[in-house]
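Novice: Right, I'll just put the structure down here and ask away after.
Every number in this text was worked out from the coordinates using simple rules, so none of it is lab data. Note that the structure is predicted; figures quoted are calculated from it, not measured.
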Amino acid sequence: HTTSTNKTAMKRLDNSYSDLQESYDSKLALLHEMSTKTFSIADYMHAKQHTLLDAIETQEPETKKKKRKTTESKPNHPNP
């Protein structure tokens, strides 16, 4: 019983650490990108989205990249 509890705890810790690393990477990249530009809300939102997606792909390159490609390949507006 203790071994399965330890495995569960280690899995949760690993997931939490991955989430923390992903958040740190995206915020650091966002800070770096915004420090080189004049601030505008549109640029900030675009940079935030871009850096977050890059951080996600860095943490889980295969599964997230495939998912992102499939969502990007879908048209936003159906043709009439």
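Novice: Starting from the Cα-Cα distance between THR5 and SER23, subtract it from 0.36 nm times their residue separation and give me the gain in nm to one decimal.
Specialist: Result: 3.8 nm gained on full extension.
Novice: Whole-Hz ³J(HN,Hα) for each residue in the range 40-47, computed from phi via Karplus 6.51 cos²θ - 1.76 cosθ + 1.60 with θ = phi - 60°, x for glycine and proline: what do you get?
Specialist: 8, 4, 4, 5, 4, 5, 5, 5
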